[in-house]
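Enquirer: Dropping the structure in here first, questions after.
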Amino acid sequence: MQKSGDELLYEKVLKTVSRWGTTENLMFVIGATQADEFKKIRALTPDHFYLVPGVGAQGGNLKDISEKAMTKDGGILVNVSRAVIYASDKEDFALAAATAAKNYQMEMNKYCLNNNHF
């Protein structure tokens, strides 16, 4: 949320970088922890694809991100690796990780189906 002149630094970066390529060869990594900012982000880069880390252990959630970041074509790939790989530190790790991954997949499917992304 750093200011850069009369705008936020990330806004300036998005405007500048989006001119370096096209939606076919340029994507952005946008963290999920400030989901309310996605309205501005999508306005600046409406058709770009986003890799979205920060869901789960870092505090972002799939509901907010799917509502605020998805395009009519989907447009996002959400990373929840920390929530999956640290699902358990015991002998049940593989089962806990598989369960966590499946739960995230089922939740995301619900948002995708609600927005007709399949």
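Enquirer: Taking R0 as 35 Å, what's the FRET efficiency between residue 91 and residue 71 from their Cβ-Cβ distance, rounded to 0.05?
Expert: 0.25
Enquirer: Under 10 Å, Cα contacts only: if you run a Gaussian network model on the chain, which one of 50, 104, 86 comes out with the highest mean-square fluctuation?
Expert: 86
Enquirer: Could you pull out the longest piece of the chain with no exposed loop GluC sites (Glu not before Pro) in it, calling a site exposed if DSSP puts it outside H, G, I, E, B and it has at most 16 other Cβ atoms within 10 Å?
Expert: Result for the longest clean stretch: 25-90.
Enquirer: List the equivalent ellipsoid semi-axes of the chain in whole Å, largest first, each obtained as the square root of 5λ for an eigenvalue λ of the Cα gyration tensor.
Expert: 29, 17, 12
Enquirer: Which aspartates and glutamates have a Cα less than 19 Å from the Cα of residue 15, not counting those fewer than 8 places away in the same chain?
Expert: The reachable aspartates and glutamates, counting only those whose Cα sits under 19 Å from residue 15, are 6, 7, 24, 36, 37, 47.
Enquirer: Run lengths n ≥ 4 of DSSP H only: what is the helix-derived mean residue ellipticity at 222 nm for the chain, with -39500 (n - 2.57) per run over all residues, to the nearest 500?
Expert: Per the formula, -13000 deg cm²/dmol.
Enquirer: Sticking with this structure for a sec: Under a 10 Å cutoff between Cα atoms, tell me which one of 64, 47, 92 has the largest fluctuation in the Gaussian network model of the chain.
Expert: Residue with maximal mean-square fluctuation among 64, 47, 92: 92.
Enquirer: Would you please state the base-10 log of I(q)/I(0) at q = 0.13 1/Å for segment 49-118, with intensities from the Debye formula using one equal scatterer on every alpha carbon?
Expert: -0.38
Enquirer: A further question on this structure: Step through the table entries 68/110; 12/40; 40/102; 3/63; 12/39, compare each Cα-Cα distance with 19 Å, and write down the pairs that go over it.
Expert: Those over the limit are 40/102; 3/63.
Enquirer: Which percent, to the nearest 5, of DSSP beta bridges fully inside the chain are antiparallel? All intermediate terms of the calculation are to be shown ahead of the outcome.
Expert: Details: 3 of 10 bridges.
Around 30 percent antiparallel, to the nearest 5.
Enquirer: Quick one: putting +1 on the C-beta of Lys and Arg, -1 on the C-beta of Asp and Glu, what dipole do you get for the chain around its Cα centre, in Debye to the nearest 20?
Expert: Around 200 debye, computed over the chain.
Enquirer: Related question: Between the DSSP loop rule and a limit of at most 14 other Cβ atoms within 10 Å, which trypsin sites (Lys or Arg not before Pro) in segment 1-86 are left?
Expert: 19, 72
Just so you know, all these numbers are worked out from the coordinates, no wet-lab data involved. Everything numeric here is computed off the predicted structure, so don't read it as measured data. Backbone-built Cβ (ideal geometry, glycine too); neighbour counts: all protein chains shown.
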